[in-house]
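Bear in mind these aren't lab numbers, they're just calculated from the coordinates by the rules spelled out. All values derive from a computational prediction rather than experimental measurement. Cβ atoms come from the backbone with ideal geometry, glycine included; neighbour counts cover every protein chain shown.
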Amino acid sequence: MKLLVFAGSTRQQSFNRRLAAVAAGIGQELGAQATLLELGDYDIPLYHAELEARGTPPDVIRLKEAMDAHPAWIVCSPEYNGSYTGLLKNALDWASSPVAGHPVWADGARPFGGKVVGMLSASNGALGGLRSQSHLAPLLINLGCWLAPRQYALARAASAFDEQGQLADSAAREQVQAVVQQVLWAAGRLHGAA
Ligand SMILES: Cc1cc2nc3c(=O)[nH]c(=O)nc-3n(C[C@H](O)[C@H](O)[C@H](O)COP(=O)(O)O)c2cc1C
């Protein structure tokens, strides 16, 4: 199973990027082919329609291709003001925007339809960014994703990782593993051994 893992942050010391790395490692251990995608590696401008009319940026196409190639996803969503980040929204908006006349990407929902998605979040706050997930969920469902019922929010994230970038608390790691496991299980049933 091909598993795509990405975070809605590009911050150097991002808790969510670190959580994404942990989830990708767990995915590998569980036998998946995990891709850790960094949104910072994609040159994606702020969406606006006139810019798009001049041509969809090549890195948006690259992002659509990466999403489309992976039946299973884990999204690590930071919380800004009780919601997910503008960075994540911008990337998802571009990825869902149809490319007029394109042989593959004329259907905007294509990179999303049928994907099995697990949501994680991390914050130094007591709720671990959980509220970002409650806003992200309807967006993903609206685009045709199947959301895993298991989710996990890592609270007090500033002290959650050890020097190797692993989760210090085994109970937290088990929670992440349970989400990844469920996503791989469901994606296997929806997509076969893709
Ligand atoms: C504009 C802004 C709003 C924020 N709002 C929240 C919030 O509502 N809840 C929360 O737990 N943390 C909030 N934070 C703190 C973030 O969780 C923190 O910056 C975190 O490190 C972001 O995720 P990252 O480490 O993956 O980049 C906010 C940060 C910013 C910049």
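Tabulated data for the structure shown
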{"read-out": "0 to 90° range, to nearest 10: angle between helix 58-68 axis and the chain longest Cα axis", "value": "60 degrees"}
{"read-out": "Gap separating the Cα centres of the stretch 91-121 and the stretch 1-67, nearest whole Å", "value": "13 Å"}
{"read-out": "Length gained when the stretch residue 142-residue 174 is fully extended (0.36 nm per residue, less Cα-Cα span)", "value": "8.6 nm"}
{"read-out": "Tilt relative to the chain, helix 170-191 - C-alpha long axis, 0 to 90 degrees, to 10", "value": "40 degrees"}
{"read-out": "Mean separation of Cα contacts under 8 Å, 6 or more apart, over the residue count of the chain: relative contact order %", "value": "24 percent"}
{"read-out": "Test item: Cα-centred dipole of the stretch 55-194, Lys/Arg +1 and Asp/Glu -1 on Cβ, debye", "value": "300 debye"}
{"read-out": "Two-site label geometry, residue 35 and residue 93: point separation in nm, points 7 Å out along Cα→Cβ", "value": "2.4 nm"}
{"read-out": "Separation in nanometres of the label points that stand 7 Å from Cα toward Cβ, at residue 66 and residue 48", "value": "2.6 nm"}
{"read-out": "On Cα atoms only, tilt of 130-142 relative to the major axis of the chain in degrees", "value": "30 degrees"}
{"read-out": "Positive minus negative residues near residue 140 (Lys, Arg vs Asp, Glu; Cβ under 12 Å)", "value": "+2"}
{"read-out": "Cα gyration tensor shape for the stretch 45-111, rounded if a/c is under 1.5, else prolate or oblate", "value": "oblate"}
{"read-out": "In the stretch 1-91, trypsin sites (Lys or Arg not before Pro) in a DSSP loop with at most 15 other beta-carbon atoms within 10 Å", "value": "11, 54"}
